Amino acid sequence: MLFRINNVLPSYFEVNRKENSEVWGKDLSFTKGELVKIVAPSGSGKTSLIHFLYGMRKEYSGSITYNSKELNAYTIEETAALRAGPFSIVFQDLRLFLRQTVLENLEVKRQLNPYHNADKISEMAGRLGIDNKLRSVCGNCSYGEQQRIAIIRSLLQPFEFLLLDEPFSHLDNANAEKAMALLLEEAKARNACILFADLERSDIYPYTRILHL
């Protein structure tokens, strides 16, 4: 499966932003199995890029295509199917259901397009140290715990491309390493591509390609 961006630039950026970027204004393709690191300083449009790739926002010039079809041409139903199947994401602002329990947040995602059985939720939660939080209301969890919840949620579907927007910003090194190991393991099992956007290079992410936004 091929994910491609061609001459993309946010509508609110000047054209000269293309000059020093390895992403904006370029023709890039991403394929299954790749581990891509996008180094994105503050103000460079990191979250915008992730939202564009996920089909959430459309205020850009150029084109983004999946399997030779522009994302902007997908219907609402087709876009929903992409998000339940080949495209998974960890948002910077997480977007959890704060009034629901941790387990409810995870199970509702798993049931949309089951890849793992229900027992896998407990296993993943245990590996990331939040198995004792599954019955807790999500909004009562710390931000670091919520970040781990969002990471597990992203792994409960049969994705081909996993979009990560600063997924470890509130995790200490030990928890970040555990989360990274789990993400890499799940991506490898699917031969999926990870697109990891962050403010700087990450020593724990064994990227196969690096791009500076």
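Sort out which residues of the range 161-184 are acidic (Asp, Glu) and surrounded by 22 or more Cβ atoms within 10 Å (Cβ to Cβ), and write them in order of number. Matches in the range 161-184: ASP165 only.
When the test is whether a residue is out of contact with any Ser or Thr (no Cβ under 8 Å at 6 or more places or on another chain) and either basic (Lys, Arg) or touching a residue at least 40 places away in the same chain (Cβ under 8 Å) (or both), LEU195 passes it. Selection over the range 150-161 of residues that are in contact with a helix residue (DSSP H, G or I) (Cβ under 7 Å, 6 or more places away or on another chain), assigned to a helix (DSSP H, G or I) and hydrophobic (A, V, I, L, M, F, W, C) gives a count of 2.
Pairing residues of the range 7-23 that are more than 15 Å from SER48 (Cβ to Cβ) with residues that are surrounded by 13 or more Cβ atoms within 10 Å (Cβ to Cβ) and of a type in the set (A, V, I, L, M), at Cβ distances under 8 Å and at least 6 apart in sequence or on separate chains, gives VAL15/LEU9; GLU22/LEU211; GLU22/LEU213. On the given criteria, is ARG127 surrounded by 21 or more Cβ atoms within 10 Å (Cβ to Cβ), in contact with a helix residue (DSSP H, G or I) (Cβ under 9 Å, 6 or more places away or on another chain) and more than 12 Å from SER88 (Cα to Cα)? Taking the combined requirement at face value, the residue does not satisfy it. Go through the residues of the range 28-35 one by one and say whether even a single one is touching a residue at least 12 places away in the same chain (Cβ under 8 Å), under 15 Å from ILE89 (Cα atoms) and in a strand (DSSP E or B). Within the range 28-35, one or more residues are touching a residue at least 12 places away in the same chain (Cβ under 8 Å), under 15 Å from ILE89 (Cα atoms) and in a strand (DSSP E or B). Can you work out which of the residues in the range 1-32 that are within 18 Å of CYS193 (Cα to Cα) and hydroxyl-bearing (Ser, Thr, Tyr) is surrounded by the fewest Cβ atoms within 10 Å (Cβ to Cβ)? Checked the range 1-32; the qualifying residue surrounded by the fewest Cβ atoms within 10 Å (Cβ to Cβ) is SER29. On the stretch given as the range 185-213, residues that are of a type in the set (A, V, I, L, M) and crowded, with 16+ Cβ neighbours inside 10 Å total 7.
The condition of being part of a helix (DSSP H, G or I) and either touching a residue at least 12 places away in the same chain (Cβ under 8 Å) or surrounded by 15 or more Cβ atoms within 10 Å (Cβ to Cβ) (or both) holds for only one of THR47, THR65, that being THR47. Within the range 85-112, the set of residues being part of a loop (DSSP other than H, G, I, E, B) and under 17 Å from the mean Cα position of the chain (by Cα) comprises GLY85, PRO86, PHE91, GLN92, ASP93, LEU94, ARG95, LEU96. If the condition is being touching a residue at least 40 places away in the same chain (Cβ under 8 Å), over 16 Å from ALA174 (Cα atoms) and not in a helix (DSSP H, G or I), then the range 115-149 contributes TYR115, HIS116. When the residues of the range 68-112 are filtered to those that are out of contact with any helix residue (DSSP H, G or I) (no Cβ under 8 Å at 6 or more places or on another chain) and of a type in the set (Gly, Ala, Ser), the one that is surrounded by the fewest Cβ atoms within 10 Å (Cβ to Cβ) is SER68.
Could you list, ordered by first residue, the pairs with Cβ atoms under 7 Å in which the first is in the range 152-180 and modelled with pLDDT of 95 or more and the second is among the basic types (Lys, Arg) and part of a loop (DSSP other than H, G, I, E, B), at least 6 apart or interchain? Pairs that qualify, where the first residue is modelled with pLDDT of 95 or more and the partner is among the basic types (Lys, Arg) and part of a loop (DSSP other than H, G, I, E, B), are GLU160/LYS32.
The values are calculated or read from the model by the stated rules, or taken from the named source; none is laboratory data. Computed from a predicted structure; not experimentally measured. In this analysis, Cβ positions are derived from the backbone assuming ideal geometry, glycine residues included, and neighbour counts consider all displayed protein chains.
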